[in-house]
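Working notes for the structure below.
The values are calculated or read from the model by the stated rules, or taken from the named source; none is laboratory data. All figures in this text were calculated on a predicted structure; none of them were measured in a lab. All Cβ positions, even for glycine, are placed from backbone atoms using ideal geometry, and neighbour counts span all protein chains on display. SASA here: full protein model, heavy atoms, side chains in, ligands and nucleic acids out. Shrake-Rupley method; radii C 1.70, N 1.55, O 1.52, S 1.80 Å.
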Amino acid sequence: MVIKSIFQKIKKRWSCRGGYLDFLKIAFPLIISTGAWAIQSFINRFFLAWHSKEAFAASLPAGVLNFSIMSIFIGTISYVDVFVSQYYGKKEYKSIGPSVWQSFYLAFIGAFILLLISFFSENIFTFIGHAPAIIVEEVKYFKVLCYGAFPALAAAGLSGFYAGRGKTKVILLVNIIGIIATVIFDYLLIFGKAGFPELGITGAALATIIGAMVTFAIFTVLIVSKKNNKIYNTRKIVPDFSFIKRLVKFGFPNGVQFFFDMSGFTFFVLVIGTIGELELSASNIALNINYLLFMPLVGCGITTSILVGQFLGKNKASLAERSVYTALHIVYVYVTFVVLAFILIPNFFIYPFSKGAESQIIEQLRPMVINLLRFVALYSIFDPMNIIFASAIKGAGDTAFVMKLLITLSVFAAAVPIYLIVIVFKLGVYAGWSIIVFYAIALAVSFYLRYKTYKWKKMRVIEMQIIDG
């Protein structure tokens, strides 16, 4: 009787508004897209592991630091999809095209700031204090990624035209093309194949930029099509400073949240690197594996924000709430399998790193990596609450709270304890990873408590009368 009752509830939840089918139609392409993007990064790094252990060890700290800095702009720019989702729910279609182009102008600002930061690359990595051979590779990778920031930032904004309306299949197809281009040029430029020069880690960075340029170009051509312009006014590309101000008001806290979230992990990787090269390489492998399997959760988080935004735009807060718990159910099914895999078959995930240059030390690293994957499995239990509840309140416009919480916890629940445990008390790599588990728990509990206040139900990022029909 219990099993029959469960199946009946699943069947009912499947077809209702804000149910599993509604969620999966939007989420599935995003899950594949973010998962494929993670696979691209994964391939990039084990190509570098085949090329040299210094390039591999440098790729995660330099790449994560670059992305952490970019994240404040990506978070601000990509928040346009919440505006699009609420305009779409309200059926105010002519406001969608012009709003998307305002994110394009913010991308220029972000790219210029990253260009300025690139001039201090040597100072940054020398200050961090990794081994000299690794610093050389870190500087190469970081500089080139900063030089080519604009297409990645612009594509993040333009994708909101499709994300906010729930048309995520387009995002999937465009991103897949960009990822394929990146992987092809990764192989050609890292190893010097088909007449291309052997550029190592510089080639990996250039391949990433080429992929972003392809993605940006395709989004631009699609968005300004005659059909889209007729419905959504997509050729109105003049700056609207009042909208830019509003996008910054709601999006910047989202970007700051994104930045501190990423910076916490960046700081963690950099501090672990001070313990030793083996600990850094083992952590790199564990975090790369985690990244690969974590990215689909990001797709689910984006979907949650989209559905919440659309239902609030329709003044259907009760359906927005239903979609949040729908997301939580689906994500926990996925995470259950991931956690079991980390515990039961860790060697399956380590195998791709056991080829090439890194193979010489992989047997020495393997026991440590397996232990670190157990830490990943533990904090993965709490990640769904963190991602889904945070995405829900951001989809309404509660970004200021998210920003304040992330700043507070990133500093006092992550950065300070990690510094004390690893640098001051020298308790080692496992003690450092324990702080990451504590941080994940603190985030999950905090976002859940904020969500349960239901203040988000009365929030909007667009002007409209708020009711719950």
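Across the chain, the convex hull enclosing all Cα atoms gives 144 Å³ per residue.
Placing dummy labels 7 Å off each Cα toward the beta-carbon, the span from residue 167 to residue 448 is 3.8 nm.
Classification of region 312-461 by its C-alpha gyration tensor yields an oblate form. The axis ratio a/c (a ≥ b ≥ c) is 1.5 or more, and b/c is at least a/b. Along the charge dipole of region 329-428, Cβ charges K/R +1 and D/E -1, which of 372, 393, 414 sits furthest on the positive end? Comparing the listed Cα positions along the dipole, 414 ranks first.
Using C-alpha pairs below 8 Å separated by at least 6 residues, the relative contact order for the chain is 23 percent. Kindly flag which residue pairs out of 245/458; 316/452; 9/169; 9/457; 25/458; 25/226 have an alpha-carbon separation exceeding 19 Å in this structure. Checking Cα-Cα distances, 245/458; 9/169; 9/457; 25/458; 25/226 exceed 19 Å. When a 1.4 Å probe is rolled over the protein heavy atoms, the share of accessible surface on region 152-223 that falls to carbon and sulfur comes to 77 percent.
Length available on full extension from residue 6 to residue 238: 0.36 nm per residue minus the Cα-Cα distance, which gives 78.2 nm.
Extending 7 Å from the Cα toward the beta-carbon at both residue 438 and residue 39 defines two label points whose distance is 3.8 nm. Residues of region 22-52 with backbone nitrogen within less than 14 Å of a virtual label 7 Å along the Cα-to-Cβ line of residue 198, please, listed as ranges. Label zone hits: 48, 50-52.
Label-to-label distance for residue 116 and residue 318 is 5.1 nm, based on points extended 7 Å past Cα in the beta-carbon direction.
Here the calculated FRET efficiency for residue 430 and residue 340, from their Cβ-Cβ distance with R0 = 22 Å, stands at 0.50, rounded to the nearest 0.05. Evaluated on region 169-299, the Kirkwood hydrodynamic radius is 18.5 Å, with distances taken between all distinct Cα atoms. What is region 151-218 by shape, rounded, prolate or oblate, if you read a ≥ b ≥ c off the alpha carbon gyration tensor as root eigenvalues and call it rounded for a/c under 1.5, prolate for a/b larger than b/c, and oblate otherwise? Prolate, since a/c reaches 1.5 and a/b exceeds b/c. At a probe radius of 1.4 angstrom, the accessible area of the chain per residue rounds to 42 square angstrom.
Treating the angle as unsigned and between 0 and 90°, give the value, to the nearest 10°, between the Cα long axis of helix 359-380 and the longest Cα principal axis of the chain. That helix lies at roughly 30 degrees to the long axis.
Relative to the current alpha-carbon distance between residue 407 and residue 92, full extension at 0.36 nm per residue lengthens the span by 109.9 nm. Helix 241-273 and the long axis of the chain differ in direction by around 30°, with both axes built from C-alpha atoms. The Kirkwood radius of region 207-258, taken over pairs of alpha-carbon atoms, gives through the Stokes-Einstein law at 25 °C and 0.890 mPa s a diffusion coefficient of 183 µm² s⁻¹. Seen against the Cα atoms of the chain and their longest principal axis, helix 317-344 is set at about 20 degrees. When all protein chains stay in place and ligands, DNA and RNA are ignored, the 1.4 Å accessible-area order of 408, 399, largest first, is 408, 399. Globularity index of region 255-367 is 1.42 (Cα radius of gyration / 2.2 N^0.38 Å, N = number of residues).
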